[in-house]
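**Student:** Pasting in a structure now, in C-alpha cells, and then I'll have a few things to ask.
The values are calculated or read from the model by the stated rules, or taken from the named source; none is laboratory data. In this text, all values refer to a predicted model and were calculated from it rather than measured experimentally. Here Cβ is always computed from backbone atoms with ideal geometry, including for glycine, and neighbour counts include all displayed protein chains. Ligands, DNA and RNA are stripped out before the accessible areas are found, and what is left, the full protein with its side chains, is counted by its heavy atoms. Shrake-Rupley method; radii C 1.70, N 1.55, O 1.52, S 1.80 Å.
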Amino acid sequence: MSSSVPPPPESVIPPEAAAPVSPVSVTVGAVEHSVDFVRPRLRARAARRAALYAGVQINGAPHLGTNVMQTAAFLLARAARDRLGVRADLRFGALDNAPYDTRVCPRTGTAYTRSYHHALGQAGIADLVKRFYGGLFDALTALTGVPYTVETYTRQQESPAFREEFLASLGRWEELRWTLAPSSGRVPVGFPCPACGWLQKSGEHTELLDADARRARFAAVCLDHGRYEIDVRPDGGAWLGLTTLHRNLVKERLADRDEALPVIVKGADWAAGCRLLDEAFLCFPGARPPARVFTPVVLSASGAKLSKSLMREGRAELSPDTPPWMLDATRWPGTTERYAVTLHRLVSLMLSDPRHFERGYTTPEVARLLRESDTI
Ligand SMILES: [Zn+2]
C-alpha cells in the first residue's frame, strides 16, 4: 500500500489559546522540537534520508492512543523534512502475528495460539488494515505531504535479511537472552505446525537442535499433529514466532541495514522495553541502537494508558464522559477526513513544545483541548 504526496493545507495550524499546561521537562534548553532527538544520529551517519517506523495493531479497532502515536509519526516525519532537511517517509508494520485464538491442551494445560495471519490469510489482513487505517493514513498524507507504506510482519519475516538477523541473534544467544528477559533468561521462540498453523504459545517443547549462520533446526510439538522438525534459512523455511522484544530487536537490526536512517516511533509506555532493546544492540560489536522518539500516551482516569484488553475486561477505569470514539475509532461520528484533521490538530498542540510532548494526556484533558481549539 502506498500513497501520493499532495502539499499540506495551511488551515490546520492550532490556535495558541488551546495550548496544554505542562511542567518544564528535563530537556528544556537542550531540545527545541521533539524531532531534534534524531539530529545527532543523522549527523553521525551523514544520512540524507530518514525512515520512521511505527506499528499498526490489527487485533480490533484502534483507540485514540494508537492513532495519536501514528499521527505523531506523520508529523515527526514532516518535521524531519522541514526542520532537518532530509527526505522522510513512514513505514508502518502491521502486526499480523497477534494471537487470533487460543486453545488449551486438556491433558497438559499447555496453551496453543493461532496468529491473525494463520487464521485470516493475506487478503483478510489487507482488509483489516484498510478498514482500520487506510482512509486515516491517506488523509494524514494529504495533510502532511508525508508518504507511507504498510508491510505485514509476515512479509517482513519472509525476507532473507530478517532471517539472517534472527540467525545472528541465535549466535549471541547466551548474552542476548538475559538482556531480552532479565528475570529468567527465557525467550521462547515458536514455529507454527506446518499442517495446521497453530503454535505452542510459550514454546515449552520447542527445542533448538542445531544452528549456524545459515541455518537453524528446531523441534516443536502440535496439539493435533505431534512432534515436528523445522528449518529456518535465509531463503525460507519456518514462519518465525518471536516474543515482543526479540521481534523488535530483529526488526530494528534489519532497519539499520537501510540507507535511510531508521527512527523508531513508539508510545512512551515503550520506554522501559526500549531500554532493554538498546542493551541488546550493545551485544553486537560496533552496533548502535536506532534513533528513538517516544510519543505521548493517552490515559484513563486512573493514569493507566488506554488498553484494548483492559477495556474488554471492563477494568479500564474510564471517566463516564469519555466519548466512545476515543475508545473505538470506528465510532467517530464524522468523516475520516475530519477525524484526521482533529488528530492533526491535537498532536500539533502536543508537538508545539517538547514539554507538551514529553507527558501523557487523560481522555478528559484531550476532550478539553479539542473543545477549546474548536475542533469538534
Ligand atoms: Zn498441527
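**Student:** Provide a single number: the residues in segment 172-193 that are out of contact with any helix residue (DSSP H, G or I) (no Cβ under 8 Å at 6 or more places or on another chain), surrounded by 15 or more Cβ atoms within 10 Å (Cβ to Cβ) and farther than 13 Å from A280 by Cα. Lay out the reasoning, then the answer.
**Tutor:** Here is the first cut: in segment 172-193, the ones out of contact with any helix residue (DSSP H, G or I) (no Cβ under 8 Å at 6 or more places or on another chain) are 172-175, 177-178, 183-184, 188, 190-191, 193.
Add one more test, that the residue is surrounded by 15 or more Cβ atoms within 10 Å (Cβ to Cβ), and what stays is 173, 177-178, 188, 190-191, 193.
Filter again for farther than 13 Å from A280 by Cα, leaving 188, 190-191, 193.
Going through segment 172-193 one residue at a time, the tally reaches 4.
**Student:** Among the residues of segment 347-357, is any of a type in the set (G, A, S), over 19 Å from D269 (Cβ atoms), part of a loop (DSSP other than H, G, I, E, B) and open to solvent by 50 Å² or more (accessible area, probe 1.4 Å)?
**Tutor:** Taking segment 347-357 first, the residues of a type in the set (G, A, S) are 348, 352.
Narrowing further to those that are over 19 Å from D269 (Cβ atoms): 348, 352.
With part of a loop (DSSP other than H, G, I, E, B) added as a condition, the list becomes 352.
Still in the list and also open to solvent by 50 Å² or more (accessible area, probe 1.4 Å): 352.
Taking every residue of segment 347-357 in turn, at least one turns out to be of a type in the set (G, A, S), over 19 Å from D269 (Cβ atoms), part of a loop (DSSP other than H, G, I, E, B) and open to solvent by 50 Å² or more (accessible area, probe 1.4 Å).
**Student:** Could you tell me whether T362 is without any contact (Cβ under 8 Å) to a residue 60 or more places away in the chain and either closer than 18 Å to Q57 by Cβ or under 25 Å from the mean Cα position of the chain (by Cα) (or both)? Steps first, answer last, please.
**Tutor:** Values: without any contact (Cβ under 8 Å) to a residue 60 or more places away in the chain: no; either closer than 18 Å to Q57 by Cβ or under 25 Å from the mean Cα position of the chain (by Cα) (or both): yes.
Answer is no for this residue.
**Student:** Follow-up question, since we're still on this one. Which condition number does G203 fail, the rest of (1) at pLDDT 95 or above; (2) out of contact with any Phe, Trp or Tyr (no Cβ under 8 Å at 6 or more places or on another chain); (3) within 23 Å of S115 (Cβ to Cβ); (4) open to solvent by less than 10 Å² (accessible area, probe 1.4 Å) being met?
**Tutor:** The single condition G203 does not satisfy is (1).
**Student:** For E252, indicate whether it is out of contact with any Ser or Thr (no Cβ under 7 Å at 6 or more places or on another chain), within 30 Å of P40 (Cβ to Cβ), away from the ligand (no atom under 16 Å from the Cβ) and in a loop (DSSP other than H, G, I, E, B).
**Tutor:** Details: out of contact with any Ser or Thr (no Cβ under 7 Å at 6 or more places or on another chain): yes; within 30 Å of P40 (Cβ to Cβ): yes; away from the ligand (no atom under 16 Å from the Cβ): yes; in a loop (DSSP other than H, G, I, E, B): no.
It is false that E252 is out of contact with any Ser or Thr (no Cβ under 7 Å at 6 or more places or on another chain), within 30 Å of P40 (Cβ to Cβ), away from the ligand (no atom under 16 Å from the Cβ) and in a loop (DSSP other than H, G, I, E, B).
**Student:** Looking only at segment 183-197, which residues are over 22 Å from the mean Cα position of the chain (by Cα) and away from the ligand (no atom under 16 Å from the Cβ)?
**Tutor:** Selection gives S183, S184, G185, R186.
**Student:** S202 fails exactly one of the following numbered conditions: (1) small (G, A, S); (2) under 29 Å from R107 (Cα atoms); (3) in contact with a Leu (Cβ under 9 Å, 6 or more places away or on another chain); (4) away from the ligand (no atom under 16 Å from the Cβ). What is the number of that condition?
**Tutor:** All conditions are met except number (3).
**Student:** Please find, within segment 256-273, the residue that is nearest to P354 (Cα to Cα) out of those that are touching a helix residue (DSSP H, G or I) at 6+ places or on another chain (Cβ under 8 Å) and surrounded by fewer than 17 Cβ atoms within 10 Å (Cβ to Cβ). Give the steps one after another, and end with the answer.
**Tutor:** Going through segment 256-273, the residues touching a helix residue (DSSP H, G or I) at 6+ places or on another chain (Cβ under 8 Å) turn out to be 257, 261-267, 273.
Imposing the further condition that a residue be surrounded by fewer than 17 Cβ atoms within 10 Å (Cβ to Cβ) reduces the set to 257, 273.
Values: R257: 30, G273: 22 Å.
Checking each candidate, the answer is G273.
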